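Student: Right, I'll just put the structure down here and ask away after.
Just so you know, all these numbers are worked out from the coordinates, no wet-lab data involved. A quick note: this is a predicted structure, and the numbers were derived from the prediction, not measured. Because the Cβ atoms are built from the backbone with ideal geometry, glycine has one as well, and the counts that use them run over all protein chains shown.
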Amino acid sequence: MKRRKMASIGASAIIMGLLTSRFVRRGRSSGQEPIGIIGAMDVEVDSLKGAADIRKSTEIAGMKFMEGTLGGKPVVIVKCGMGKVNAGICANTLINEFGCSRIINTGVAGSLDNEINIGDIVVSTDAVQHDFDVSPIGFEKGEIPYTGLYAFPADETLRKLAVESAAKAAPDIRVFEGRVCSGDQFITEKEQKDTIVSDFGGMCCEMEGAAIAQACYLNDTPFVIIRAISDKEDGTASVEFETFSAEAAENCAGTVEHMVERL
Ligand code: ADE
């Protein structure tokens, strides 16, 4: 009798575990799962962390995942560090360890278009890895071999909300929608920009968005990238970055805060 009761308690625990596991929750999104928010640098996430009610911090792969609420919505905010490997690991962790059902990447970027100035915001239509090049053996530049994948499309609903939120949160700032080009390089020179634009088009360059996009694609998770322009001039982008990145990142974070409240 005692053994049967224990077996029944054990079975119930397993069923409860399965029902509440992240795997099951991700399969049947309730809309209440946390929203993952990724920035690469402190300036890109600090004000969001300040505005959020953080209840728990967990360190994984050297990144601090801050769980809490922002505008009443469950969020996990994390600084991933620079570059595509960090960004991919981070997005995958948000989805598979924290059960995030949507990912927002916020931060700064370099302009790839003369029309787009410092302070303007770019909301991703899609994202490509401009430094992914297996063309010598027959693939398109940027194509992920054997997948047919090249540009990862951002989620329509998140995109629309991001554009509306930018207009509300930062009414004086112009908002553009277009391709985000990511690579493990800080782009400063005209020749680098010209190559990216002639290969991929694109409105801005940064170092994480497309890796987050690929991780989201692989995990069937909607994403959007929202970037404020911190630098534009050929040759002096690094100086502009020093001067403008904090303010640009702040504007971007304001848009994300506004957006999350409405999700
Ligand atoms: N992030 C901000 N500006 C950038 C640039 N010019 N290149 C790469 N990443 C950036």
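Student: What number of residues in region 204-232 are in contact with a Lys or Arg (Cβ under 6 Å, 6 or more places away or on another chain) and either polar (S, T, N, Q) or more than 9 Å from the ligand (Cβ to nearest atom) (or both)?
Tutor: Of the residues in that region, 3 qualify.
Student: Given (1) away from the ligand (no atom under 13 Å from the Cβ); (2) surrounded by fewer than 18 Cβ atoms within 10 Å (Cβ to Cβ); (3) farther than 23 Å from ILE38 by Cα, where does LYS190 come up short, assuming only one miss?
Tutor: So the condition that LYS190 fails would be (1).
Student: What about ASP184, is it of a type in the set (D, E, K, R), within 13 Å of the ligand (Cβ to nearest atom), surrounded by fewer than 24 Cβ atoms within 10 Å (Cβ to Cβ) and closer than 23 Å to ASN86 by Cβ? Reasoning before the result, please.
Tutor: Details: of a type in the set (D, E, K, R): yes; within 13 Å of the ligand (Cβ to nearest atom): yes; surrounded by fewer than 24 Cβ atoms within 10 Å (Cβ to Cβ): yes; closer than 23 Å to ASN86 by Cβ: yes.
Against the criterion (of a type in the set (D, E, K, R), within 13 Å of the ligand (Cβ to nearest atom), surrounded by fewer than 24 Cβ atoms within 10 Å (Cβ to Cβ) and closer than 23 Å to ASN86 by Cβ), ASP184 qualifies.
Student: Also: Of the conditions (1) among the aliphatic types (A, V, I, L, M); (2) within 15 Å of the ligand (Cβ to nearest atom); (3) assigned to a strand (DSSP E or B), VAL123 satisfies every one except a single condition; which number is it?
Tutor: (2)
Student: Which members of region 233-245 meet the condition of being more than 9 Å from the ligand (Cβ to nearest atom) and surrounded by fewer than 17 Cβ atoms within 10 Å (Cβ to Cβ)? Steps first, please.
Tutor: Initially, region 233-245 is screened for residues more than 9 Å from the ligand (Cβ to nearest atom), giving 233-236, 239, 242-244.
Hits for region 233-245 are GLU233, ASP234, GLY235, THR236, VAL239, GLU242, THR243.
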